[in-house]
Amino acid sequence: MKLLEYEAKSILSAGGIPVPKSYIADTQPDFLPAVLKSQVPVGGRGKAGGVVVVSSEDDYTSQLHRIRNLMIKGFLPKKVLAEEELDIDHEFYLSLVINKADVTTELIAHRQGGVEVEANAAEEFLKLILTADNADTVGQRLADHYELPDKTFALQDFIEKLYQLFNAEDMTLLEINPFVLTKNGSLVAGDAKMTVDDAAHFRHPDWLFEEEKAETNFVTLDHSGNIATIANGAGLAMATVDSVADAGLKPANFLDIGGGANEASVLAAFRRIMEYSDIRVIIINIFAGITRCDEVAKAIIAARSQLEDLPPLAVRLAGTNYEQAVKLLEKEGVIIHPSLEDAIDAAKESV
Ligand code: GDP
Ligand code: MN
């Protein structure tokens, strides 16, 4: 389950991590100036116009109205967060993530964070495995990497609290970007992306988040994967993921849309895929029995018109109402591949 920024920050704050003072924006501002931030479950809000500083009441009212109606990567916010404006000296990057292949918790850091973090060269990131045994030495390594020699103790304290929270809250991903050094020398979580493990829900009756529990069987395999998959039936979905991996590509997710999939549920699957940042192709592999190819085709058409920045699709459909799907998709110029192998070959070309 992916949390929104305000939900993630309330967990961080309860665990002793400094976050900006804030309120959920309503008719009247609690304080000004403030930074208004769209609460959508995707990154890149800053670049999309979803983060803006307001100083006057008029500004507040008009920008709040604008952000509430600003669609970002297919999402409209249910809430807008208003935060105290930080006086930023420098923006760093910091994240913790479960590495499923190695069963480790990995810390990833970069001296240069903020909205251009994707432009950083891969080899410049500090990556280290965080364990209960080494968590007390990481402050020094971070201080070296960030070139903040006088912040060793502050960083150590920050990491110990983060690591403790990460485990206690069953997180699989926590990204703080920007990790802000303010002009008066404090370290603050400027933004927070947090994913918690759905399978640990039973341990957390307090988990009441905006994102509805997914009806479909959707599992993140690799946040940095370059191929998203949509398939039906657990067996076919697994085979699809395996074939993608065998072809040397990196599957980001497993998704079985199930037998009763309709246009709305498939479109919801597309929206979840849009939350990943590195997807180059979405592979759709449907062998329709109860599911109908024309419903899937309609969802594909809706996704293409509604979701900005939708990655290229590699579609393989077969089964019930195949002919209708062909007619619908032909009009849109979407190719249907005869087999999964062909779809994967097409995906390889795009990557
Ligand atoms: P994202 O684009 O969805 O990752 O949203 P962020 O919350 O990371 O905000 C994007 C950028 O807006 C940050 O990297 C900052 O440069 C800027 N920003 C956000 N909050 C503040 C603030 O309080 N003060 C200043 N000066 N800049 C801010
Ligand atoms: Mn950010």
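The values are calculated or read from the model by the stated rules, or taken from the named source; none is laboratory data. For clarity, every value in this text was computed on a predicted model and none was experimentally measured. Heads up, the Cβs are rebuilt from the backbone with ideal geometry, glycines too, and the neighbour counts pull from every protein chain shown.
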Where in the stretch 186-270 are there strands (runs of 3 or more DSSP E), lying fully within it, with 1 or more residues that are of a type in the set (Phe, Trp, Tyr)?
-> 217-220, 253-256
Can you tell me which residue in the stretch 160-187 is nearest to ligand 2 (Cβ to nearest atom), limited to those that are more than 13 Å from Gly15 (Cβ to Cβ) and among the hydroxyl-bearing types (Ser, Thr, Tyr)?
-> Thr182
Top-ranked residue in the stretch 198-233 [being modelled with pLDDT under 85 and of a type in the set (S, T, N, Q); ranked as surrounded by the most Cβ atoms within 10 Å (Cβ to Cβ)] | Thr216
Is it true that Arg68 is touching a strand residue (DSSP E or B) at 6+ places or on another chain (Cβ under 7 Å), charged (D, E, K, R), without any contact (Cβ under 8 Å) to a residue 60 or more places away in the chain and within 9 Å of ligand 1 (Cβ to nearest atom)?
-> no
Leading residue by the ranking (surrounded by the fewest Cβ atoms within 10 Å (Cβ to Cβ)) among those in the stretch 111-131 that are of a type in the set (Val, Ile, Thr) and within 16 Å of ligand 1 (Cβ to nearest atom) = Val115
Determine if the stretch 119-130 includes at least one residue that is over 20 Å from the mean Cα position of the chain (by Cα), in contact (Cβ under 8 Å) with a residue 24 or more places away in the chain and more than 30 Å from Lys21 (Cβ to Cβ).
-> yes
Meets criteria (touching a residue at least 24 places away in the same chain (Cβ under 8 Å), within 27 Å of Val351 (Cβ to Cβ) and not in a loop (DSSP other than H, G, I, E, B)) for Leu181 | no
Identify, from the list Ile98, Ile108, the residue that is surrounded by 14 or more Cβ atoms within 10 Å (Cβ to Cβ), within 16 Å of ligand 2 (Cβ to nearest atom), farther than 22 Å from Ser22 by Cα and under 17 Å from the mean Cα position of the chain (by Cα).
-> Ile108
Residue selected from the stretch 8-22 under the condition in contact (Cβ under 8 Å) with a residue 24 or more places away in the chain and more than 14 Å from ligand 1 (Cβ to nearest atom), by the criterion nearest to Arg45 (Cα to Cα) | Ile11
Residue set Val334, Val326; condition of a type in the set (A, V, I, L, M, F, W, C), over 29 Å from Met1 (Cβ atoms) and in a loop (DSSP other than H, G, I, E, B); output residue Val334
Considering residues of the stretch 254-264 that are of a type in the set (Gly, Ala, Ser) and surrounded by fewer than 18 Cβ atoms within 10 Å (Cβ to Cβ) only, the residue modelled with the lowest pLDDT | Gly260
Would you mind telling me which numbered condition in (1) closer than 18 Å to Lys100 by Cβ; (2) within 14 Å of ligand 1 (Cβ to nearest atom); (3) not polar (S, T, N, Q) Leu181 fails?
-> (1)
Which of the residues belonging to the stretch 26-76 are among the small types (Gly, Ala, Ser), crowded, with 16+ Cβ neighbours inside 10 Å and either more than 16 Å from ligand 2 (Cβ to nearest atom) or over 20 Å from the mean Cα position of the chain (by Cα) (or both)?
-> Ala34, Gly74
